[in-house]
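What follows is calculated from the coordinates using simple rules that are stated; it is not laboratory data. Keep in mind the model is a prediction, meaning the values are calculated, not measured. Glycine also receives a Cβ, built like all others from the backbone with ideal geometry; neighbour counts cover every protein chain displayed.
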Amino acid sequence: MEESLETFKALDPVAYLSKFTASNTRPDSRPHHTARQTTLLPSILTRNSNGSSLITLGHTQIITGITLQVGTPSPSTPSQGEMDVRVTFPPLCSNQYNTSGRMIHNDYNNGSKSAAAMSYADPQSIESYVKRTVISSHIVDLEQLCIVPGKAAWKIVISCMVVNHDGNVVDGMILGISMALGDLILPPVQVEKKTGKVRLLSISPVEDSDSNNDHVEPESNGSGKSSGKGKKLVFRKMMVPLTVGFFQGKMLVDPSLEEESLCEGMVTVVVDAMSLTTKEPHAQSQTQPQTDAKAPILMGDVLNLSKSGGVMSSMEEIAACVQLALGRAQELKPLLLLPHHAGKE
C-alpha cells in the first residue's frame with residue numbers, strides 16, 4: 001500500500017495532494033490552517049557569534065548567527081549603525097543547490113515547480129526579501145549601535161544558513177533573526193581620545209585604578225541596557241512571519257517543500273507581535289436572541305505583506321492570511337521573548 005502511494009505521488013503529484021486537501025487534511029496529517037511543530041532555540045553558537053539561534057519548522061532547520069564589525073557611520077546618518085543580512089544554501093540542505101549556494105536549473109529539480117515555488121526557492125530572491133523586511137520593519141533603533149557619533153558605530157551582520165530545506169525557509173529565517181537579535185549582546189568598548197581607535201573590552205571588564213585620560217567611555221544614549229556583560233538592544237517591534245500557500249482554492253499554512261512546489265501562489269505576512277491587542281465583538285442588543293459568545297478579535301500591525309505567483313487573491317483571503325499571522329504571533333511571542341528575559345538582571 002505504501003509503495004502504491006509513493007508511485008501515485010511520483011506519477012501525478014498534483015492529484016496526490018488534491019486527494020488530501022479535498023478531505024481538509026494534508027500528506028503529513030495537518031489541517032489546512034495548522035503550522036508544523038516549531039522549535040526556537042537561542043544561544044547555540046556561543047564561541048564565534050554575539051547572538052545566535054536554531055529554528056526548526058517540521059524538518060526545515062535554519063541556523064542564524066550574528067557577528068559584529070566596527071566601522072565609520074554614513075555621513076547622512078552619523079549617529080546610527082547598520083544591519084546586513086546574508087543567506088546561505090549549502091548543497092547538503094537540498095539537492096536543488098550547488099556548491100556555490102545557487103539553484104541547479106534542470107528538469108529534475110524545476111520541472112514540476114510553479115512560478116511561486118521558484119521565487120521562494122531562489123537564494124538571491126530570498127536574501128533580498130528577508131533583508132528588505134528586516135531593515136524596513138525598524139525593529140530596533142539603529143542609534144543604539146552608535147559608539148561615537150560620526151566616528152564609530154556597530155555593524156550587525158546577520159548570517160542565515162539552511163541546514164535542511166523542507167519548505168518555507170522564509171519564515172524560518174525571519175524567526176531566526178528575531179530570536180538571534182534578542183540573544184545579541186554588544187560588548188563594552190573603549191575609544192582612544194588621540195587616535196579614535198575602538199578597543200573591545202572583555203566581557204567582564206575590570207576597572208583599572210591607574211587608568212589615565214587617554215581612553216574615554218562613550219556616553220550611553222539611554223536606549224540600551226548596559227551591564228558588565230555588555231548591552232542588549234531594546235526592541236521597538238518583534239517580527240513574526242506566516243507563509244500561506246494557495247492550492248486549488250485551498251489555503252495551506254506553512255507549506256512543506258512538497259506542497260510548496262505545487263502551490264499556484266504564496267502569501268507571506270509579517271506582523272508585529274508586540275502590537276497584539278484583542279477587540280471584543282459587538283455586543284448583541286437585548287431584542288436579539290442570545291447566541292454563543294464570540295471569541296475576541298485579534299488585532300496588530302502588519303510590517304510586510306508579500307505575494308508571488310499568478311493566482312488571484314481576494315481581499316477576504318488576504319484578510320484571512322493576516323488573521324492567521326496574528327494568531328501565529330500570539331502563539332510564538334512567549335518563545336521569542338525568552339532571550340530578552342534572559343538578558344535582564
Per-pair calculated FRET efficiency, R0 = 51 Å: residue 105 and residue 22 via Cβ, rounded to 0.05: 0.95
Just for the Cα atoms in the range 135-200, what are the lengths along the principal axes, largest first, rounded to whole Å? 54, 23, 16
Just order 26-36, 250-260 by mean Cβ neighbour count inside 10 Å, highest at the front, would you? 250-260, 26-36
Once both label points are put 7 Å beyond Cα along the C-beta direction, the residue 48-residue 305 separation in nm becomes 4.1 nm
Given labels modelled 7 Å from the Cα in the Cβ direction, how far is it in nm from residue 14 to residue 195? 6.7 nm
Relative contact order of the range 1-64, pairs being alpha-carbon contacts under 8 Å that are 6 or more residues apart, as %: 17 percent
What value does the range 78-168 have for Rg/Rh, both radii from Cα atoms and Rh as Kirkwood defines it? 1.13
